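Only one structure is covered here, and it is reproduced in the block below.
The values are calculated or read from the model by the stated rules, or taken from the named source; none is laboratory data. Given the structure is predicted, the values throughout are model-derived calculations rather than measurements. Here the Cβ is made from the backbone with ideal geometry for all residues, glycine too, and neighbour counts use every protein chain on show. Quick note on the areas: whole protein, heavy atoms, side chains included, nothing else; ligands and nucleic acids left out. Shrake-Rupley method; radii C 1.70, N 1.55, O 1.52, S 1.80 Å.
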Amino acid sequence: MTRDVTINKTVTIAKDKKIVLDMNGHKLSFAVDNDGKASAIFNNLGDLSIVNSAAQESVISFVASDPDLQAVPTYATNTITNEATLYIGKGVTVSNESDGGASYAVDDKGKFVLDGGTLTAKRCALRIAKYNQDDVQFTMNAGSTVK
């Protein structure tokens with residue numbers, strides 16, 4: 001990235017795509033009226049690596065405008081929904097400051113490596129959801145999760 005960016009639509013990484021996003025010390029935020037629906041900055045169905053080549057911390061942040069506040073949530077507001085392969089490197093913070101019960105910095109349903117990054121959330125920094133898949137994996141080489 002060459003500057004801070006605010007997006008207003010979910011970015012879907014297709015199943016057959018490999019993307020390396022170098023945050024380069026910048027911020028990526030999500031500004032959208034999710035209108036009572038599930039939402040995420042990234043919906044990863046492929047191979048997504050988020051790295052930071054700068055000395056300054058990079059931040060990916062999301063606050064849902066309409067989080068699901070029901071006792072049993074019917075939808076989630078995630079910063080990153082991972083259903084394939086995700087890598088987050090050092091110097092990258094992924095944040096979700098939504099109030100909803102199903103609000104995750106990373107909702108992992110695939111293979112996820114945290115290698116020096118930080119996950120932070122008001123409700124839940126990381127959810128590992130196996131459902132019926134046998135190959136859901138989380139590896140933490142370095143980094144931290146808060147909340």
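Taking only the stretch 80-112 into account, find how many residues are assigned to a loop (DSSP other than H, G, I, E, B) and either open to solvent by 30 Å² or more (accessible area, probe 1.4 Å) or farther than 23 Å from HIS26 by Cβ (or both).
Of the residues in the stretch 80-112, 10 are assigned to a loop (DSSP other than H, G, I, E, B) and either open to solvent by 30 Å² or more (accessible area, probe 1.4 Å) or farther than 23 Å from HIS26 by Cβ (or both).
For the stretch 112-129, enumerate the residues that are of a type in the set (D, E, K, R) and at pLDDT below 95.
Those that are of a type in the set (D, E, K, R) and at pLDDT below 95: LYS122, ARG123, ARG127.
Exactly one of these conditions fails for MET1: (1) touching an Asp or Glu at 6+ places or on another chain (Cβ under 9 Å); (2) closer than 30 Å to LEU69 by Cα. Give me its number.
With respect to (1) touching an Asp or Glu at 6+ places or on another chain (Cβ under 9 Å); (2) closer than 30 Å to LEU69 by Cα, MET1 is out only on (2).
Give the residue that is surrounded by the most Cβ atoms within 10 Å (Cβ to Cβ), with candidates limited to residues of the stretch 29-44 that are closer than 16 Å to SER95 by Cβ and of a type in the set (S, T, N, Q).
Top of the filtered list is SER39.
Taking the criterion of being closer than 15 Å to LEU28 by Cα, at pLDDT below 95 and within 15 Å of the chain's Cα centre (by Cα), would at least one residue in the stretch 64-77 satisfy it?
yes
So which of THR77, THR120 ends up being buried (at least 21 other Cβ atoms within 10 Å of the Cβ) and touching a residue at least 12 places away in the same chain (Cβ under 8 Å)?
THR77
Scan the stretch 1-28 for residues that are buried (at least 16 other Cβ atoms within 10 Å of the Cβ), of a type outside the set (Val, Ile, Thr) and not in a loop (DSSP other than H, G, I, E, B) and report the count.
Here the count works out to 4.
Considering only residues that are part of a strand (DSSP E or B) and hydrophobic (A, V, I, L, M, F, W, C), which ones fall in the stretch 41-79?
Those that are part of a strand (DSSP E or B) and hydrophobic (A, V, I, L, M, F, W, C): ILE41, PHE42, LEU48, ILE50, VAL51, VAL59, ILE60, PHE62.
Which residue, of ALA40, ALA84, ALA102, ALA55, is of a type in the set (Gly, Ala, Ser), out of contact with any Ser or Thr (no Cβ under 9 Å at 6 or more places or on another chain) and under 18 Å from ILE128 (Cβ atoms)?
Step by step, each of ALA40, ALA84, ALA102, ALA55 is checked, and only ALA84 is of a type in the set (Gly, Ala, Ser), out of contact with any Ser or Thr (no Cβ under 9 Å at 6 or more places or on another chain) and under 18 Å from ILE128 (Cβ atoms).
Only one of these conditions is not met by ALA142: (1) surrounded by fewer than 20 Cβ atoms within 10 Å (Cβ to Cβ); (2) more than 11 Å from the chain's Cα centre (by Cα); (3) at pLDDT 95 or above. Which number is it?
(3)
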